[in-house]
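Reviewing the structure listed below.
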Amino acid sequence: MSTESGKTVIRPLTAPIEGSTHVPGDKSISHRAVLLSAMAEGTSQVTGILDSADVRSSIAAAEALGAKVSLEKQPDGSLAGGITGWGASGPAEPAEPIDCGNSGTTARLLMGMLAPWPVSVTVTGDQSLQNRPMRRITAPLMKMGVRFTPEGRETLPITVCGTKSLKAITYDAPMASAQLKTAILLAGVYADGTTTVNEPAESRNHTELMLPEYGIRTTAAARTASVVGPSIPAAAEVVVPGDPSSAAFLVCAALLKRGSSIQIENVSLNTARIGFTRTLERMGADIAVRHTGSEGKEPYGIIEAAYTEGLRGCEVPAEKIASIVDEVPVLALVAAHARGVTVFRDVSELRVKETDRVAAILEGLETLGVDAWIDGNDLFVEGQPGLRAEQGSVFDSKCDHRLAMTWALVGLCGPVPIEVENFDSVKISYPEFLNDIERLTR
Ligand code: S3P
């Protein structure tokens, strides 16, 4: 790898990727472990926390609001230690705005966490986060009694003015979003009565699975989750499994790089997160999933994948998109190597991620010479078995970590070097991505 003026040259792997490996801790579960521990009374013990820029945003936010965070770097690169929360005394009002960096999860969960306290806190973020929609969060929280200033503002920076007399609500979410669901449930912990979120499709359920660990009465079923308040979370112990969304990049690399065969251990097998394994199976990929245990209510296990000749296109229905929402870019790249057309139905939520991922996928696939298009909200990719990039092609990550890793696979698994702009955005979720994949070729 070499970097020049924001572009990183990604060279072909010198051998197939082989052997057993781990991926860093799950980003979604790490955020929740840090933030729920910050809300709790007492000292929680957390292990396997992902050390990445996004999770650091949650840690910094927790500290700015008065939680005591004593996490230490472990030999495996994760963070572990104690977090003493504000419990019944509530968060301190920081003098400065809280900068959530690139992390939508931090910003949106914070809004729910601040809702029940008589504080005014300004939440902001980097340029990408300042472009992301926040009305989806402020609208339900306003129904619960929270005020936001400036009034009517739909993007960060926004000031949250919380209230001790939060109303419990039942909310029919207009989109399947775990961040939205979580913001409402976290506020609902303190509201008098039952707060319920109904979803049009199933989004990831880590919050519902974790809240009972902190002593919160929670019920959850397909597309609905409730908490019973008012309550104060009590300190808990959380062990974070590996991140399936990071594992997806290693899996797809193994599928595309001839001769490869890998095993990823201790990875979360939460069904709301491993939709990509099902999509790849339907494309004919040599992939298998084995459960080996669970931490709390979170299942984990092993994902195995091997190079597959003769991948074929498939159709992903709209109700499954939430289970692959972060994996669509890399799945679109795999689809570009498959025979036939792959359709991802209703990818509209991808337009409001760290960047417009639909536009970015179309642009990158065009650079690769692949025919891909959007019809309504459906994404189509016409595969080209035997696809090769042109030497020195430049792919723009748009400062989006998932796109940086997707386009890096073009160089790593193909025959010629390519360049990725702003590749360093991998620090958001998987800082050691290149080292990990290169280690598997030795
Ligand atoms: C996340 C939820 C997802 C996902 C994001 C992390 C979370 O977004 O894209 O990377 O931790 O709750 P949605 O809010 O669209 O589900």
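Tabulated values for the structure
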| quantity | calculated |
| --- | --- |
| Number of positions in the range 331-357 that are closer than 19 Å to R204 by Cα and open to solvent by less than 10 Å² (accessible area, probe 1.4 Å) | 4 |
| Test: residue in the range 125-139 that is at pLDDT 95 or above, touching a Cys at 6+ places or on another chain (Cβ under 8 Å) and outside any loop (DSSP other than H, G, I, E, B) | yes |
| Residue under evaluation A15, criteria (1) in a loop (DSSP other than H, G, I, E, B); (2) of a type in the set (G, A, S); (3) not assigned by TED's automatic domain parsing to the domain that holds D424, criterion not met | (3) |
| Index of the failed condition, R345 passing every other in (1) in contact with a helix residue (DSSP H, G or I) (Cβ under 6 Å, 6 or more places away or on another chain); (2) within 23 Å of N422 (Cα to Cα); (3) among the charged types (D, E, K, R) | (2) |
| From the options D76, D51, D26, residue that is crowded, with 24+ Cβ neighbours inside 10 Å and modelled with pLDDT of 95 or more | D26 |
| Test for A95: is it assigned to a helix (DSSP H, G or I) and either away from the ligand (no atom under 16 Å from the Cβ) or open to solvent by 30 Å² or more (accessible area, probe 1.4 Å) (or both) | no |
| Test for T106: is it within 16 Å of the ligand (Cβ to nearest atom), of a type in the set (S, T, N, Q), open to solvent by less than 20 Å² (accessible area, probe 1.4 Å) and farther than 23 Å from V55 by Cβ | no |
| Selection within the range 29-48 - hydrophobic (A, V, I, L, M, F, W, C) and open to solvent by 10 Å² or more (accessible area, probe 1.4 Å) | none |
| Entirely in the range 378-431, the strands (runs of 3 or more DSSP E) that have 2 or more residues that are open to solvent by less than 10 Å² (accessible area, probe 1.4 Å) | 378-382, 418-421 |
| Conditions (1) within 16 Å of the ligand (Cβ to nearest atom); (2) touching a Gly at 6+ places or on another chain (Cβ under 6 Å); (3) farther than 15 Å from V160 by Cβ; number of the one not met by C100 | (3) |
| The range 11-20, subset open to solvent by 10 Å² or more (accessible area, probe 1.4 Å) and in contact with a strand residue (DSSP E or B) (Cβ under 7 Å, 6 or more places away or on another chain), residue nearest to the ligand (Cβ to nearest atom) | S20 |
| Close pairs from the range 94-119: first more than 14 Å from L156 (Cβ to Cβ), partner open to solvent by 10 Å² or more (accessible area, probe 1.4 Å) and not in a loop (DSSP other than H, G, I, E, B), Cβ under 6 Å, at least 6 apart | P94/A64 |
| Residue satisfying all of: in the range 291-311; free of Cβ contacts under 8 Å to residues at least 60 places away in the same chain and closer than 20 Å to A253 by Cα; most open to solvent (accessible area, probe 1.4 Å) among these | E309 |
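Results for (1) open to solvent by less than 10 Å² (accessible area, probe 1.4 Å); (2) free of Cβ contacts under 8 Å to residues at least 24 places away in the same chain, shown as yes or no for each residue.
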site: S245; (1), (2): yes, no
site: C252; (1), (2): yes, no
site: R258; (1), (2): no, no
site: A272; (1), (2): no, no
site: M283; (1), (2): yes, no
site: V289; (1), (2): no, yes
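The values are calculated or read from the model by the stated rules, or taken from the named source; none is laboratory data. This one's a predicted model, so the numbers in the text were calculated from it and none came from an experiment. All Cβ positions, glycine included, derive from the backbone under ideal geometry; neighbour counts span all protein chains shown. Protein only, heavy atoms only, side chains kept; ligands, DNA and RNA dropped before computing areas. Shrake-Rupley method; radii C 1.70, N 1.55, O 1.52, S 1.80 Å.
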